[in-house]
Amino acid sequence: MAKPRIAFFDFACCEGCQLQVINLEAELLDVLDHVDIVTFREAMSEKSDDYDIAFIEGSITRASDIPRLEKIRENATVLIALGACATIAGVNALKNRRTPQENLRIVYGDDGDKFETFPVRPIDQVVEVDYYLHGCPIDKNEFLEMVKALLMGTAPKQWTSAVCVECKLRENECVYDLGRLCMGPISRGGCDAICPAYGNSCEACRGILPDANIPSMVEVLKAHGASEAEIERRFTNFTAIDKLVQEMEQPQ
Amino acid sequence: MSESITIPEQTLYLPIPTPVTAVRMLTKTECLITVELDPDRIEPYRPGQFFMLSLPGIGEAPISVCSPPEAYPRLQLCVRRVGKVTAHLHQLAVGSTIGIRGPMGNGVPLEQLKGQDLLIAAGGLGMVPLHALINHIVKNRADYGTVTVLYGAKEPGELLFRDELLQWGSRGDLNLHIAVNIADEDWMGHVGMITTLFQYVSVDVAKTAAVIVGPPVMYHFVMQEIRKLNLPPERIFLSLERRMKCGVGKCGHCQINEITVCQDGPVFSYDQLKTLPEAI
Amino acid sequence: MPASKISKDDLKRHLSEKLTDYTLVGPVKSRLAYKFDVISNVDRLEIEYTTTVLPPKKQFMPTVEPLIRFQGDGTAQLPLIPTDRPVALVALHSCDLIATDLIDTIFATAPGDPYYKTRRENAVILGVRCMEPCDTHAFCNAMGTLDQKGGADIFLTPLDHHFLVEPLSKKGETFLAGAALSHSGDEDAQAVGRIANERDKQFRSQEKVDLKALSDAMTTSRDHEIWDELAGECLACGTCNITCPTCYCFDMCDKMELSLVDGERRRSWDSCQLREFAEVAGGENFRGTRADRQRHRFFRKGKYLFDRYDLTGCVGCGRCVRQCVADIDPLEVYQRLLERRSARV
Ligand SMILES: Cc1cc2nc3c(=O)[nH]c(=O)nc-3n(C[C@H](O)[C@H](O)[C@H](O)COP(=O)(O)OP(=O)(O)OC[C@H]3O[C@@H](n4cnc5c(N)ncnc54)[C@H](O)[C@@H]3O)c2cc1C
Ligand code: SF4
Ligand code: SF4
Ligand code: SF4
Ligand code: SF4
Ligand code: SF4
Ligand code: FES
């Protein structure tokens, strides 16, 4: 059987997720026994349009991104959103709080007019996404699990449980008990609760779970002393779009 | 039936490697898989029981017994492609091996059905376990009174076991009624919900038992018709589907009230279900 | 049996000696909370502690464990559970002892779970009496588990400088062989009674939950407004299940190595509060709302397990409410359900 060909593409992002893939080092060599990587800007210079699996990193921020992404979708059999920018628009979505013009002025000053931009979108608002690899950055092991599943021709695990599940399975002490706030109860797991494991709050970098009880989460944050502004920040760090979508879907 | 083998606890979760001897597509989404069980390691099975089928790295799925007990140690399974495991089961080649655990569950109480008139109602994939039962009845026809089979499917293309349906229909000792919700150009039969077939049913309340298998929505409507027949609840049997992981009463996924469907079911009398509010 | 006791130092010494033959597991302190862990130096062991984050059940059923190993040649094998060294599980509180009894019953009910049973049979359990409420969340007294010895092999009662020692099984006696036990007189028993009296008054509720009445009340509470109220608060995070000593649900999934032919089928603790727990093919979900799932959880604690096994499904350890950020409290739920019942009767 011919080795599946994998390509990586990036849109607006820090390319940190691709770096996580390169950080796999030893395992990456084993992966290369099974697949060919044909396009990977971070690690190589050759490029090809002939690929089976496309990993897309980054959010969609300007009109010219759209045809490029559509072309990739056409070429790829399987398309995977890689990292928070691609899956939920991540930190980039913060930009949507201002108008495109304001953003251009802030970033590029008087040269703003020379650039194009529009409100940030996760890639599934432009093309159909087969699987999601969440996280800011992604988890190396989850990437490996995804590649293994694809090689076996089966659907990779898509997490539907909260960060708390993994947090408790690791027997972490809850960071609320350490006097910190945490979005873990309504955040998508899969990261092995890495932040709470080191005593830090979960910032929901993998997005808010569908069907999340947002009003009660707000109450919990309030009860633990969070101000309105603090709550707003917790909900918009990574998940501005998730929250918006859910609020539209289930008015409460 | 031969004496049962007691499965040692050590092998509770151990899939027994089992060779695939035939694979045949029945419809666009269902295929029939035939395997040869190892009689030293896997007990005889009954209609209404199920097996856990598995492939390394892909996972396990509960699948009903589709062949009659007489076929043992051969076993047939009819699988609808819906996800991970079932998609891989569809790709099996003759001569390959799958992992099997079971048989699991209680099965249809054949002893209780003996000597009775039978009303059998199958909705969609519910025909799979009932195929095992009907074939058992056909092979032991003298053990049962009048047998009526109602079978409802969404469209003609979804009807399972079409050749056998024809045979059953022409036997003369089985009353077979088929309904499809949506007909196509070639369909000459009845069109409507399975419930509309009850107009053809008349039962002798004193000696009739009913066996019903179908998706959850079907139970709701079919039970309305069944109740009109005034059959005693302890002679109405239904098979429940629940999410299952272990199949041996441990993982909790299939629990409703104090029972586990995988162990205490999946076949229940309507009598039992009345005390299980979550059941249907 | 003549009552005996051992000084706290001598018990430590004895446990330390036992390290040569036994793997010792007991509570140790991490930042704020306690956890059961393997002990190589008894100085780390905290026999007098407040309830751990996870229940000691993890000793017999690890949070994640392999059930089957797949090999490249296409065969599947059972993983080996080493039993060459017995495990001494030290300092289980009464609530956890009774929870262990419950899980023993379920996992030994035919067909028995071989992994659980192997580990369980390989263990000797030392229980310890609580001489004060572990915290303000506990309600073991209300559930009738306080002071119970369950399936402990040895039961210890801490006093100022001593532990009273009750061997309860052959395994327990073997473990105690060579320990510096001395006779304990009536004055010790009286001291225990006095302390226990004081202790009982410190629990947050003095009222006992009548288990039979609770189960009956639940039968008629399917449509109680409380389920929607709880659904409004619950975040479906799963913490209450994962931390509960009487929860035992698990998920099974395969994990392969990069060779794609070697790998494992594993089970991991699961939670019935998660949305997909009861979902089947076709998208049908038998408990699709948080209200349905909360009811299932509490019915399991207060009714299903009791009806089937005649054992309480909630031992009142308080772990769930202690760790639930939405503060959902089983005792309050039970009391609400019982209230309506008494109002009706
Ligand atoms: C007692 C019993 C008998 C069954 N008999 C048959 C049969 O004869 N033929 C047949 O085609 N199907 C049968 N099923 C249904 C079959 O088990 C599921 O379709 C199958 O498990 C889905 O697995 P998957 O890996 O392909 O799907 P997945 O990729 O895991 O998921 C696809 C969908 O299936 C659901 N699902 C996952 N696991 C299960 C599970 N264990 N039980 C039910 N749904 C699940 C998921 O929620 C999801 O909606 C039976 C189910 C039960 C409980
Ligand atoms: S630290 Fe966060 S993720 Fe962990 S249990 Fe607490 S709330 Fe949940
Ligand atoms: S704990 Fe939360 S913020 Fe941290 S990696 Fe996981 S999902 Fe992201
Ligand atoms: S711990 Fe609390 S919020 Fe989380 S699932 Fe349980 S009851 Fe709901
Ligand atoms: S329900 Fe809560 S209090 Fe009861 S046993 Fe479980 S964790 Fe303890
Ligand atoms: S709940 Fe009761 S028995 Fe359990 S640790 Fe606390 S005080 Fe002891
Ligand atoms: S499937 Fe595990 S308990 Fe029924």
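The values are calculated or read from the model by the stated rules, or taken from the named source; none is laboratory data. Note that this is a predicted model, so its numbers are computed, not measured. Note that each Cβ is placed from the backbone with ideal geometry, even for glycine, and that neighbours are counted across all protein chains shown.
What number goes with the only condition from (1) closer than 30 Å to B:PHE221 by Cβ; (2) within 14 Å of chain C (Cβ to nearest Cβ); (3) in a helix (DSSP H, G or I) that B:VAL82 does not pass?
Status for B:VAL82: all satisfied but (3).
Of all residues being within 19 Å of B:ASP271 (Cβ to Cβ), crowded, with 23+ Cβ neighbours inside 10 Å and in contact (Cβ under 8 Å) with a residue 60 or more places away in the chain in the stretch B:230-253, which is farthest from ligand 6 (Cβ to nearest atom)? Just the residue, please.
B:PHE237
Rundown of residues vs (1) within 16 Å of ligand 1 (Cβ to nearest atom); (2) more than 9 Å from every other protein chain (Cβ to nearest Cβ); (3) in contact with a Ser or Thr (Cβ under 7 Å, 6 or more places away or on another chain), yes/no style:
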{"position": "C:ALA281", "(1), (2), (3)": "yes, no, no"}
{"position": "C:GLU284", "(1), (2), (3)": "yes, no, no"}
{"position": "C:LYS303", "(1), (2), (3)": "no, no, yes"}
{"position": "C:LEU311", "(1), (2), (3)": "no, yes, yes"}
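Enumerate the pairs (first residue in the stretch B:255-280 and at pLDDT 85 or above; second residue anywhere and basic (Lys, Arg)) with beta-carbon separation below 6 Å, excluding pairs fewer than 6 apart on the same chain, so at least 6 apart or on different chains.
Matching pairs, first to second residue: B:VAL261/B:ARG242.
When the stretch B:210-225 is examined, which residues are found to be away from chain C (no Cβ under 14 Å) and in contact with a strand residue (DSSP E or B) (Cβ under 6 Å, 6 or more places away or on another chain)?
Scanning the stretch B:210-225 gives B:ALA210, B:VAL211, B:ILE212, B:VAL213, B:VAL222.
Any idea how many residues of the stretch A:220-238 are surrounded by 17 or more Cβ atoms within 10 Å (Cβ to Cβ) and either within 18 Å of the chain's Cα centre (by Cα) or over 27 Å from A:THR87 (Cα atoms) (or both)?
The total comes to 5.
Return the only residue of B:GLY247, B:GLY265 being within 13 Å of ligand 1 (Cβ to nearest atom) and on the phi > 0 side of the Ramachandran plot.
Exactly one of B:GLY247, B:GLY265 is within 13 Å of ligand 1 (Cβ to nearest atom) and on the phi > 0 side of the Ramachandran plot, namely B:GLY247.
Tally time: how many residues in the stretch C:238-271 are facing chain B (nearest Cβ under 7 Å), among the hydrophobic types (A, V, I, L, M, F, W, C) and within 19 Å of C:ILE103 (Cβ to Cβ)?
3
Only one of B:TYR219, B:TYR200, B:TYR151 is at pLDDT 90 or above, on the phi < 0 side of the Ramachandran plot and not charged (D, E, K, R); which?
Selected residue: B:TYR151, the only one of B:TYR219, B:TYR200, B:TYR151 that is at pLDDT 90 or above, on the phi < 0 side of the Ramachandran plot and not charged (D, E, K, R).
Name every residue in the stretch A:187-203 that is near ligand 3 (Cβ under 6 Å from one of its atoms) and either surrounded by fewer than 18 Cβ atoms within 10 Å (Cβ to Cβ) or of a type in the set (A, V, I, L, M) (or both), in order of residue number.
Listed by number, the residues that qualify are A:ALA193, A:ILE194.
So in the stretch A:2-41, with the set limited to residues that are under 16 Å from A:MET152 (Cα atoms) and of a type in the set (D, E, K, R), which one is nearest to the other protein chains (Cβ to nearest Cβ)?
Among them, the one singled out is A:ASP30.
Look through the stretch A:171-181, keep the residues that are more than 8 Å from chain C (Cβ to nearest Cβ) and outside any helix (DSSP H, G or I), and return whichever of them is farthest from ligand 1 (Cβ to nearest atom).
So, considering only residues that are more than 8 Å from chain C (Cβ to nearest Cβ) and outside any helix (DSSP H, G or I), the one farthest from ligand 1 (Cβ to nearest atom) is A:GLY179.
Can you name the strands (runs of 3 or more DSSP E) wholly within the stretch B:93-195 that have at least 2 residues being within 16 Å of the chain's Cα centre (by Cα)?
Those strands (runs of 3 or more DSSP E) span B:97-104, B:117-123, B:147-153.
Would you call C:LYS117 more than 16 Å from ligand 7 (Cβ to nearest atom), free of Cβ contacts under 8 Å to residues at least 12 places away in the same chain, under 22 Å from C:LYS171 (Cα atoms) and surrounded by fewer than 21 Cβ atoms within 10 Å (Cβ to Cβ)?
yes
If only one of C:ARG293, C:ARG300 is part of a helix (DSSP H, G or I) and closer than 15 Å to C:ALA99 by Cβ, which one is it?
Unique residue meeting the criteria: C:ARG300.
Which of (1) within 13 Å of another protein chain (Cβ to nearest Cβ); (2) part of a strand (DSSP E or B); (3) free of Cβ contacts under 8 Å to residues at least 24 places away in the same chain is the odd one out, the single condition C:PRO27 does not satisfy?
(3)
Of the residues in the stretch C:30-77, how many are assigned to a loop (DSSP other than H, G, I, E, B), closer than 27 Å to A:ALA197 by Cβ and within 14 Å of chain B (Cβ to nearest Cβ)?
Count: 2.
Which numbered condition in (1) touching a residue at least 24 places away in the same chain (Cβ under 8 Å); (2) in contact with a helix residue (DSSP H, G or I) (Cβ under 8 Å, 6 or more places away or on another chain); (3) surrounded by 16 or more Cβ atoms within 10 Å (Cβ to Cβ); (4) within 11 Å of chain C (Cβ to nearest Cβ) is the only one that A:SER216 fails?
Only one criterion in (1) touching a residue at least 24 places away in the same chain (Cβ under 8 Å); (2) in contact with a helix residue (DSSP H, G or I) (Cβ under 8 Å, 6 or more places away or on another chain); (3) surrounded by 16 or more Cβ atoms within 10 Å (Cβ to Cβ); (4) within 11 Å of chain C (Cβ to nearest Cβ) is unmet by A:SER216, namely (1).
Is the stretch A:236-252 home to any residue that is at pLDDT 90 or above, among the aliphatic types (A, V, I, L, M) and under 23 Å from C:ARG290 (Cβ atoms)?
The answer is no, given that none of the residues of the stretch A:236-252 is at pLDDT 90 or above, among the aliphatic types (A, V, I, L, M) and under 23 Å from C:ARG290 (Cβ atoms).
What pairs come up if the first residue lies in the stretch C:211-237 and is away from chain A (no Cβ under 14 Å), the second is part of a loop (DSSP other than H, G, I, E, B) and not basic (Lys, Arg), and their beta carbons are under 8 Å apart, counting only those six or more places apart or on different chains?
Close Cβ pairs satisfying both conditions: C:LEU211/C:GLY144; C:LEU211/C:THR312; C:ARG222/B:PRO277.
Counting only residues that are more than 10 Å from every other protein chain (Cβ to nearest Cβ) and not basic (Lys, Arg), which one in the stretch C:286-301 is farthest from ligand 6 (Cβ to nearest atom)?
C:ALA291
Do we have C:VAL192 as touching a Phe, Trp or Tyr at 6+ places or on another chain (Cβ under 6 Å) and among the β-branched types (Val, Ile, Thr) here?
For C:VAL192, the condition - touching a Phe, Trp or Tyr at 6+ places or on another chain (Cβ under 6 Å) and among the β-branched types (Val, Ile, Thr) - is not met.
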